[in-house]
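Report on the structure given below.
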């Protein structure tokens, strides 16, 4: 396997393209927006620069990596020679189903179609294609160049051969793949998102403030980042979408999203991407401050 196509040039898509290209794969990065593709290449370039400065790679490695990435605004054109297509579009089920129908009609018959979805059913996605045995979940963690885990999710019809191939390719990327089955939230988000949601409920009910909740989890539970800051980093809209998938999929009220989370997303407070969530980011993420409405009384 040598030719990889990545659909979606956002945070996850450009990170996935970056790691594949660094490991010697030819990558087609695809997005309907030419501006998004330009931004993605600049992001990859900047991330590679940081690696050069840290002496993790050489200038020649950087140049070779960038040389393996091509961009395209057409899915059909960008995947016609692909052996593996990784979809990394927005976490929206209707959009993903539409993209997979297009992927199925345009990709070579032998190509594996993977999705980076963090919660949507692989079986449901596979059902809109004519090759469900070749459809699989490849859930990378953010930031992709740094995080080692790839959650490999088997749909109901995913073949052993497809699974083995994706596990092997993940290892070629220097990642540690973990095989899981197709149930709402898989493993990572079935455990993580209810924790984040409970942290938001703890704030909503006035038990403690943002700093206090995050400090308890960082210092008491050895988490590298508090759950509220992590929610901002993931995107509160993404957290809400995943909680709704869990709630709908299991029909269990314990997965109901916190009303504060719902209201914040409706108000456009989505975390880092919008400049404000539980923290404000106008000064940059390294100088984050709790958003004014979450400061203790008197501040």
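No value in this document is a laboratory result; all are computed from the given coordinates. None of the values given here were measured: they were computed from a predicted structure. For neighbour counting, all protein chains shown are included, and Cβ atoms are generated from backbone atoms with ideal geometry for every residue, glycine included.
Could you work out how far apart the two model spin labels at residue 225 and residue 266 are, taking each label as a point 7 Å from the Cα in the direction of the beta carbon, and quote it in nm?
Distance between the two pseudo-spin positions: 2.7 nm.
Where does the stretch 80-133 land on the Kirkwood hydrodynamic radius, alpha-carbon pairs, in angstrom? Provide the component values of the computation, followed by the final result.
Numbers: mean 1/r = 0.0904 Å⁻¹.
Value: 11.1 Å, from the Cα pair sum.
Kindly put 293, 190 in sequence by how many other C-beta atoms sit within 10 Å of each C-beta, fewest to most.
293, 190
So for the stretch 48-152, what percent of the C-alpha to C-alpha distances run longer than 22 Å?
When all Cα pairs of the stretch 48-152 are counted, 41 percent exceed 22 Å.
Could you tell me the largest-minus-smallest coordinate of the C-alpha atoms of the stretch 189-293 on each of the three principal axes, in descending order and whole angstroms?
That gives 40, 31, 23 Å along the principal axes, largest extent first.
Taking the Cβ of each residue in 201, 239, 258 as the centre, tally the other Cβ atoms inside 10 Å and list the residues starting with the fewest. Spell out each step's value before the answer.
Working: 201 16, 239 29, 258 21.
Final ranking by Cβ density, sparse to dense: 201, 258, 239.
Just to check, using Stokes-Einstein with a Kirkwood Rh over alpha carbon pairs, what's the diffusion coefficient of the stretch 94-225 at 10 °C and 1.306 mPa s in µm²/s? Numbers along the way, then the final one.
Working: Rh = 16.5 Å.
In µm²/s, the coefficient is 96.
Could you give the length gained on full extension between residue 98 and residue 168, defined as 0.36 nm per residue of separation minus the Cα-Cα distance, in nm?
So the chain would gain 22.4 nm between residue 98 and residue 168.
Could you calculate the FRET efficiency of residue 34 with residue 207 from 1/(1 + (r/R0)^6), where r is the beta carbon distance between them and R0 is 45 Å, rounded to 0.05?
0.45
As a check on your grasp of the helix formula, calculate [θ] at 222 nm for the chain: sum -39500 (n - 2.57) over DSSP H runs of n ≥ 4, divide by the residue count, round to the nearest 500. Present the calculation step by step, with values, prior to reporting the outcome.
Values: 12 runs with 131 residues, N = 299.
Estimated from H runs of four or more residues: -13000 deg cm²/dmol.
Compute the long axis of helix 188-204 from its Cα atoms, compare it with the longest principal axis of the Cα atoms of the chain, and write down the angle in degrees, 0 to 90, nearest 10.
That helix lies at roughly 20 degrees to the long axis.
How many percent of all Cα-Cα pairs in the stretch 3-181 sit more than 27 Å apart?
19
Quick check on packing: order 87-94, 171-178 by the mean number of other C-beta atoms within 10 Å, highest mean leading.
Final packing ranking: 87-94, 171-178.
With axes computed from alpha carbons, what is the tilt in degrees of helix 93-106 against the longest principal axis of the chain, rounded to the nearest 10 within 0 to 90?
Value to nearest ten degrees: 10.
For 192, 29, what's the fewest-to-most ordering of other Cβ within 10 Å of each Cβ?
Details: 192 18, 29 28.
With the fewest neighbours first, 192, 29 line up as 192, 29.
Using 0.36 nm times the number of residues separating residue 293 and residue 146, minus their current alpha carbon distance, what extension gain do you get?
49.6 nm
Out of all DSSP beta bridges with both ends in the stretch 3-181, state the antiparallel percent to the nearest 5. Intermediate values should be presented prior to the final figure.
Details: 5 of 31 bridges.
Antiparallel: roughly 15 percent of the beta bridges in the stretch 3-181.
Sticking to Cα atoms, compute the Rg of the chain to one decimal and its Dmax as the biggest Cα-Cα distance, whole number, in Å.
Rg then Dmax for the chain, in Å: 19.7, 64.
Counting DSSP beta bridges with both partners in the chain, what percentage is antiparallel, nearest 5?
Working: 9 of 35 bridges.
Here the share of antiparallel DSSP bridges comes out near 25 percent.
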